[in-house]
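Down below is the structure, laid out as structure tokens.
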Amino acid sequence: MRYDLNLLPVFVALMEERNVTRAAERLGITQPALSNTLNRLRETLQDPLFIRERYGVKPTDKALEIAPVIAAALAQIDDVILGQQGFDPAKADRLFVVAPNSYVEFVLMPAVVARLRQRAPGIRLRLVPYGNDIADTGVVSGTTALVLGRFVDPPDNLVVQHLMDEGLECVVRAGHPEIHDSLSREQYERLKHVNVLPPGRLRAGLFQALERQGLKREVAVSVTHFLAVPEMIAVTDYCATLPRLICRHLAHDHRLKTVTSPADLGTFPVEMAWHVRYRHDPAHRWLRSLIADVARELSV
């Protein structure tokens with residue numbers, strides 16, 4: 001029996017998106033074309049495969065059973081074909097969709113863009129929100145090339161690479177009446193604080209670190225992005241506890257000064273993840289290598 005391999009990407013897209021509209025958009029085809037392909041799949045595999053529900057489709061037991069086999073087969077085909085293709089970054093003309101969390105967007109991405117301008121001026125990046133759930137970034141379905149941040153229990157179809165470990169320091173205004181070259185536990189607990197509440201896991205890490213050290217903190221204001229912190233600190237006597245590389249950046253602002261935190265708050269990992277289908281893609285491998293090099297240099 002002969003099989004049409006063109007049917008299989010539709011199956012994978014529906015399995016991962018669980019929605020006909022999103023699957024069609026991901027594949028760049030119309031919904032009627034996707035429905036026709038799905039009907040051929042059903043005939044070939046002798047199973048309904050996907051049942052319509054109120055907000056999408058639900059895979060049948062047969063679909064769930066064969067999904068890992070089909071995904072693995074397509075990944076092997078990609079490995080063979082993509083492994084034979086060359087990639088010249090200086091001549092490349094491509095767009096990559098990347099989802100960094102707010103820390104990575106602030107600290108890492110400007111250096112990545114500068115490196116791309118030098119080595120691969122034809123490569124463009126589109127940054128999309130990280131959000132609260134890694135699935136919202138599009139990396140689980142493969143529509144997003146990379147997601148950068150911190151991952152806990154990532155899905156099986158993602159490859160995760162550790163980039164660096166980051167510590168925490170404190171920032172206050174340069175003319176602070178109490179804080180000079182150091183910050184004691186008593187001062188830290190007496191001050192009011194600016195707290196950053198970005199989406200994702202980073203905020204939980206700071207809360208847990210403070211709890212481990214028995215440090216209390218009175219939060220006067222919470223903001224959603226690191227970029228809001230310097231303006232808050234510059235006009236108050238508040239304190240902010242931030243990643244070390246962000247503090248290093250803010251040290252260039254004459255209105256601010258950074259001081260070591262009054263206790264060892266540990267470190268948190270910065271990671272990069274991508275869909276398994278891009279594991280051997282030459283262009284994706286080159287971009288991941290560039291990002292890893294930039295992270296390594298910044299963390300020194």
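The values are calculated or read from the model by the stated rules, or taken from the named source; none is laboratory data. This one's a predicted model, so the numbers in the text were calculated from it and none came from an experiment. Cβ: placed from backbone, ideal geometry, glycine included. Neighbour counts: every protein chain shown. To get the accessible areas, we keep the full protein, side chains included, count just its heavy atoms, and leave off ligands, DNA and RNA. Shrake-Rupley method; radii C 1.70, N 1.55, O 1.52, S 1.80 Å.
So which of 263, 292, 273 is closer than 25 Å to residue 122 by Cα and either of a type in the set (Ser, Thr, Tyr) or not in a strand (DSSP E or B) (or both)?
292
Looking at region 287-297 only, could you name the residues that are surrounded by fewer than 20 Cβ atoms within 10 Å (Cβ to Cβ) and out of contact with any Lys or Arg (no Cβ under 9 Å at 6 or more places or on another chain)?
289, 292, 296, 297
Quick check: is even one residue across region 206-223 modelled with pLDDT of 90 or more, open to solvent by 30 Å² or more (accessible area, probe 1.4 Å), assigned to a strand (DSSP E or B) and of a type in the set (Asp, Glu)?
Yes, region 206-223 contains a residue that is modelled with pLDDT of 90 or more, open to solvent by 30 Å² or more (accessible area, probe 1.4 Å), assigned to a strand (DSSP E or B) and of a type in the set (Asp, Glu).
I'd like to check which strands (runs of 3 or more DSSP E) are fully inside region 134-199 and have at least 1 residues that are open to solvent by 10 Å² or more (accessible area, probe 1.4 Å).
The strands (runs of 3 or more DSSP E) meeting that bar are 158-166, 168-173, 192-196.
Taking the condition of being among the charged types (D, E, K, R), without any contact (Cβ under 8 Å) to a residue 24 or more places away in the chain and at positive phi, how many residues in region 1-59 meet it?
Number of matching residues: 0.
Quick check on residue 264: is it farther than 30 Å from residue 92 by Cα, among the acidic types (Asp, Glu), free of Cβ contacts under 8 Å to residues at least 24 places away in the same chain and open to solvent by 30 Å² or more (accessible area, probe 1.4 Å)?
No.
Which residue out of 43, 53, 25 is within 25 Å of residue 276 (Cα to Cα) and of a type in the set (D, E, K, R)?
After ruling out the rest, the residue left standing is 25.
Could you say which residue among 111, 120 is out of contact with any Pro (no Cβ under 9 Å at 6 or more places or on another chain), surrounded by 15 or more Cβ atoms within 10 Å (Cβ to Cβ), over 30 Å from residue 69 (Cα atoms) and at pLDDT 85 or above?
Answer to the selection: 111.
Somewhere in region 7-23, is a residue under 30 Å from residue 288 (Cα atoms), exposed (fewer than 15 other Cβ atoms within 10 Å of the Cβ) and not β-branched (Val, Ile, Thr)?
no
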